[in-house]
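Chemist: My structure is below; once you've seen it, I'll send some questions.
Nothing in this text is a laboratory measurement; each read-out follows from the coordinates by a stated rule. No experiment lies behind these values; they were computed from the predicted model shown. No Cβ is skipped: glycine too gets one built from the backbone with ideal geometry, and neighbour counts run over all protein chains shown.
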Amino acid sequence: MRNLANPFTLRERGIMGMNQRNFSYIGRYNDRALYPNVDDKLKTKTLALEYGIAVPDLIGVIRYQHQVTHVFDILAKHNGFCIKPAKGSGGKGILVILHSDANGYQKPSGDYVPKDEIIRHISNILAGLFSLGGTADVAVIEALIEFDPIFDGLSHEGVPDIRLIVFQGYPMMAMLRLSTHASDGKANLHQGAVGVGIDIATGKAKRAVQYDQPITTHPDTGKKLADIQISDWQQLLYLSAGCFEMSGLAYLGADIVLDKQKGPLVLELNARPGLAIQIANGIGMLPRLKAIEAMDRRRTKSIAERVDYAIKNFNN
Amino acid sequence: MYSRAPFIFFVLILVLIGLGSIYYRHVEMGVPLTAGEQIEIWQIEAQLEFTGNDAAVNAKLTLPTDINYTLLDETTASPAYGVHVLRDELKAEVIWSKRRVQGKQTLYYKASYKKAVNPGTEPAAQGSPELEVWPEPYQGSAQILLDDAFNKSGNQATLVLQLLDLLNSDHQHMAMLLSKYSKSEVLVQLMTMAEMPAMLVRGLVLEGGRRNQQLIPLIKAFINDAWQIINVDSATTLNDLPILVWQQDSPSLFDVEGGRNSKIFFSISKSSQSGLLEANRLINRDDVIDFGLYHLPIDQQNLFRGILLLPIGALVVVFLRVIIGLKCSGTFMPILIATSFIQTELVNGVIGFLLIVSIGLVIRSYLSHLNLLLVSRISAVVIVVIGIIILFTVLAFRLGLTEALTISFFPMIIMAWTIERMSILWEEEGGKEVLIQGGGSLIVAVIAYLMMDNVLIRHWAFNFLGVHCLIMAVILLMGQYTGYRLLELRRFKPMAED
């Protein structure tokens with residue numbers, strides 16, 4: 001029993017469990033009919049453009065198998081790019097190419113990918129290998145994000161992204177996800193990525209965890225994690241709050257990256273965001289969820305009002 | 001916000017229906033609660049012998065109407081006789097008839113009885129019977145004996161005990177009465193004089209392996225608002241051996257018109273039978289609303305035996321995922337694996353599963369280099385799985401490992417999907433995640449198998465359909481469980497410390 005937490009202590013600290021998330025928040029607030037808004041990245045992108053939400057540029061879309069070979073016409077105009085399945089989940093099936101040269105296409109790991117491999121990857125995407133339920137899919141090609149120099153030395157291969165939980169349009173909890181050697185460049189915490197809890201009010205790092213255990217430095221680069229201060233934090237909060245109107249989902253995870261030139265961009269939205277963010281922040285999210293649920297006239301508030309509320313109230 | 005009341009109400013209704021149906025099946029229909037429960041069945045053969053007078057014969061045998069026993073079946077054996085079994089509310093009898101009979105005749109009546117599951121209560125005695133006064137000095141002696149017993153007793157029950165004591169004592173008045181009347185007659189007379197309803201009946205002591213038995217005289221008395229059978233010879237109201245009251249309210253046990261030298265013998269044999277079979281046999285006959293599946297053809301019954309185990313498996317999966325928080329690949333894949341474990345036995349099943357999946361993964365990793373579309377690749381994996389199964393079956397057969405032949409019971413499409421999922425998981429999340437999810441699936445499958453293979457659970461799942469209402473209620477309740485999962489307590493352990 002020494003390895004188990006006392007459930008009453010957890011409840012007291014407002015930690016939300018998976019069952020409660022599924023039943024009381026996702027099941028209750030997220031209308032199933034709206035899921036395609038976030039599960040289909042192409043649709044998310046279209047919506048984002050309509051609502052003025054900043055997203056990475058769309059280079060091209062491959063819809064049918066016979067178009068696959070034409071992909072190189074599109075790619076020729078761009079040095080680095082990223083191929084994603086529109087309906088992928090959990091970061092599956094994302095192929096990132098940093099630049100292309102005579103040797104072929106180079107991945108962040110430094111390996112070169114032959115043309116065949118790119119054709120096979122796109123075929124897999126179209127066949128639905130990465131999509132939820134194995135349905136046929138389309139491949140989305142996006143411009144590469146040039147990530148902000150503030151993250152130098154903080155990430156191994158992958159792009160660091162900021163996950164915000166937005167409830168009823170209020171940014172409620174945030175975490176910076178840094179890929180590591182152990183996570184193989186992926187930003188999923190259960191695979192060994194580092195989660196850094198970020199103070200909603202200031203954008204400053206609070207604490208960091210890897211494999212659910214607190215750490216102080218990045219395991220690969222040794223850089224101190226407590227010094228992190230995310231730039232453009234206010235703008236990032238506005239961006240995440242706006243995702244509520246855009247998607248219609250009341251309990252939402254927004255994955256945001258910082259581009260060197262364009263600032264914060266919404267990479268993808270998630271209707272079933274995980275719970276690890278609580279461990280990264282060292283606090284439970286239930287008190288904040290309950291505070292928002294208890295508010296009057298919360299639906300009439302503007303984005304600015306909601307962000308102000310979050311900054312004032314979620315500052316610990 | 002919505003109200004929980006309709007939900008709670010629905011769950012309550014399910015629980016009530018479930019419990020009600022289980023109660024009905026067990027108490028009213030006698031379906032036993034455990035699988036191997038045996039009940040005792042007595043087969044009684046009455047053998048009626050007489051010599052024909054070269055004339056028409058009507059032979060009548062009174063049949064028992066004892067409500068404490070249930071008649072299971074009856075047959076008669078009597079060459080060239082017309083046979084009628086007459087039964088109504090008051091009496092039951094069998095009548096043999098033949099126009100012309102000569103010489104020695106033997107008629108057989110056979111019946112099987114079991115103890116009634118839920119005997120009704122006999123109507124209470126209607127006042128005390130009329131007293132037939134015996135001639136003196138017997139009536140006087142009887143009065144003295146009764147007064148003696150009455151003075152030494154406090155209530156009806158002790159009075160009966162006193163009378164029985166007297167009956168077997170060497171009291172001089174008793175000796176005189178017994179010189180003219182039988183013990184039973186004396187007791188009935190004494191009880192009637194005491195205004196206790198009592199009557200002479202005759203019954204059969206049910207003891208297996210007895211031949212040439214006769215009915216024994218018994219007294220049926222209404223003591224303390226219930227009918228009791230008193231065996232005068234054993235001088236007790238407690239019956240060690242069960243007694244079937246055969247003759248009651250009818251003047252004669254048997255009656256042969258047109259025959260002489262008539263005699264009757266009974267032989268009794270005891271056998272045990274599955275309580276379940278007997279209960280269901282009765283249901284068929286009574287044609288009441290029943291919740292059993294025994295009317296269906298055997299094929300369908302066997303099909304449902306399997307299908308009705310699935311809710312058990314579903315319950316296990318829901319419990320392990322919602323309450324424990326175990327990860328497994330595919331929601332109900334483990335149940336299907338568990339159903340094949342039932343065919344293969346556990347150890348063979350687990351070995352077979354691991355073999356098929358691991359070899360499948362190796363071949364699948366080659367297929368992934370061929371750059372195939374998803375549907376073709378899965379179809380190819382299906383064929384590979386079939387190939388693996390055939391290979392192992394043939395190999396096992398050649399090596400004489402007959403236990404391993406059951407490997408063919410694995411659902412092939414499910415296995416193919418499992419391999420495909422695991423393979424993708426391996427490519428994307430690494431071998432560790434494959435072990436976690438594969439191991440999780442296997443644990444769920446093994447637990448589900450252990451539940452589904454349990455004799456008692458199988459018995460309940462098929463014979464008490466109400467159990468499924470209860471399972472449904474539990475699953476619905478777990479569907480609204482918002483507490484922590486067991487494994488989350490470990491995951492969030494750092495959050496509970498400071």
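Chemist: Among the listed pairs B:LYS60/B:LYS91; A:LYS223/A:LYS312; A:LYS84/A:LYS107; A:LYS92/B:LYS327; A:LYS206/A:LYS262, give every one whose C-alpha distance is greater than 22 Å.
Modeler: Those over the limit are A:LYS223/A:LYS312; A:LYS206/A:LYS262.
Chemist: Place +1 on the Cβ of every Lys and Arg and -1 on the Cβ of every Asp and Glu in the range B:1-141, take the dipole about the Cα centre, and give the residue among B:ILE95, B:PRO6, B:HIS84 whose Cα lies farthest towards its positive end.
Modeler: B:PRO6
Chemist: Moving on. By how many degrees, 0 to 90 and rounded to 10, does the Cα axis of helix B:138-151 deviate from the longest principal axis of chain B?
Modeler: 50 degrees
Chemist: Okay, moving on. If you place +1 on the Cβ of every Lys and Arg and -1 on the Cβ of every Asp and Glu, how big does the dipole about the Cα centre of the range B:166-210 come out, in debye to the nearest 20?
Modeler: It comes to approximately 160 debye.
Chemist: Another question about this same structure. Counting only other chains, and only Cβ atoms inside 10 Å, what mean value do you get across the residues of A:18-31?
Modeler: 3
Chemist: As a footprinting exposure proxy, order B:TYR113, A:TYR238 by other Cβ within 10 Å, with the fewest listed first.
Modeler: Ascending Cβ contact count within 10 Å gives the list A:TYR238, B:TYR113.
Chemist: On a 0 to 90° scale, report how tilted helix B:431-452 is relative to the longest principal axis of chain B, with both axes built from alpha carbons and the result rounded to the nearest 10.
Modeler: Helix B:431-452 sits roughly 10 degrees off the main axis of chain B.
Chemist: Looking at the range A:115-202, which GluC sites (Glu not before Pro) are in a loop (DSSP not H, G, I, E or B) and have at most 15 other Cβ atoms within 10 Å?
Modeler: For GluC sites (Glu not before Pro) across the range A:115-202 that sit outside H, G, I, E and B with at most 15 neighbouring Cβ atoms in 10 Å, the list reads A:GLU146.
Chemist: Taking +1 at the Cβ of each Lys and Arg and -1 at the Cβ of each Asp and Glu, which of B:MET199, B:LEU372, B:PHE254 sits farthest along the dipole of chain B towards its positive end, judged by Cα position relative to the Cα centre?
Modeler: After comparing all options, I get B:LEU372.
Chemist: Taking 60 Å as R0, compute the FRET efficiency from the Cβ-Cβ separation of A:PHE72 and B:SER269 and round it to 0.05.
Modeler: 0.05
Chemist: Expressed as cubic angstrom per residue, what is the convex hull volume of the alpha carbon set of chain B?
Modeler: 295 Å³
Chemist: Where the only charges are on Cβ atoms (+1 Lys, Arg; -1 Asp, Glu), what is the dipole of the range A:133-211 about its Cα centre, to the nearest 20 debye?
Modeler: Charge dipole of the range A:133-211: 460 debye, to the nearest 20.
Chemist: If you don't mind, there's one more thing I want to ask. Per-residue Cβ counts within 10 Å, from other chains only, averaged over A:5-17: what number is that?
Modeler: Counting other chains' Cβ atoms within 10 Å and averaging over A:5-17 gives 5.
Chemist: Find the all-direction average of the projected area of the Cα convex hull for the range B:128-196, expressing the result in square nanometres with one decimal place.
Modeler: Mean projected area for the range B:128-196: 4.1 nm², to one decimal.
Chemist: Helix A:115-127 versus the longest principal axis of chain A: what is the Cα-based angle in degrees, 0 to 90, to the nearest 10?
Modeler: Roughly 50 degrees between the two axes.
Chemist: Inside 10 Å of the C-beta atoms of A:118-131, what's the mean count of C-beta atoms belonging to other chains?
Modeler: Per residue, the average neighbour count from other chains is 3.
Chemist: A further question follows. State log₁₀ I(q)/I(0) for chain A at q = 0.10, 0.12, 0.14 Å⁻¹ as given by the Debye formula over alpha-carbon point scatterers of equal weight, solvent excluded.
Modeler: Normalising to I(0) and taking log10 leaves -0.57, -0.82, -1.11.
Chemist: With point charges of +1 on the Cβ of Lys and Arg and -1 on the Cβ of Asp and Glu, referenced to the Cα centre of the range A:57-143, which listed residue (A:GLY60, A:VAL140, A:PHE130) lies farthest in the positive direction of the dipole?
Modeler: The residue sitting most towards the positive pole is A:PHE130.
Chemist: Further question: Report the dimensions of the protein assembly as shown along its three principal axes from the alpha-carbon atoms, largest first, rounded to Å.
Modeler: 131, 65, 44
Chemist: Further question: Report the charge-dipole magnitude of the protein assembly as shown in Debye, nearest 20, computed about the Cα centre from +1 at each Lys and Arg Cβ and -1 at each Asp and Glu Cβ.
Modeler: Dipole about the Cα centre, nearest 20: 2100 debye.
Chemist: Counting other C-beta atoms within 10 Å, which of B:THR406, B:THR393 has the fewest, and how do the rest follow?
Modeler: Fewest-to-most ranking of B:THR406, B:THR393: B:THR393, B:THR406.
Chemist: Which values, in whole Å and largest first, are the semi-axes of the equivalent ellipsoid of the range A:57-143 obtained as the square root of 5 times each eigenvalue of the Cα gyration tensor?
Modeler: Ellipsoid semi-axes (Å, largest first): 20, 14, 12.
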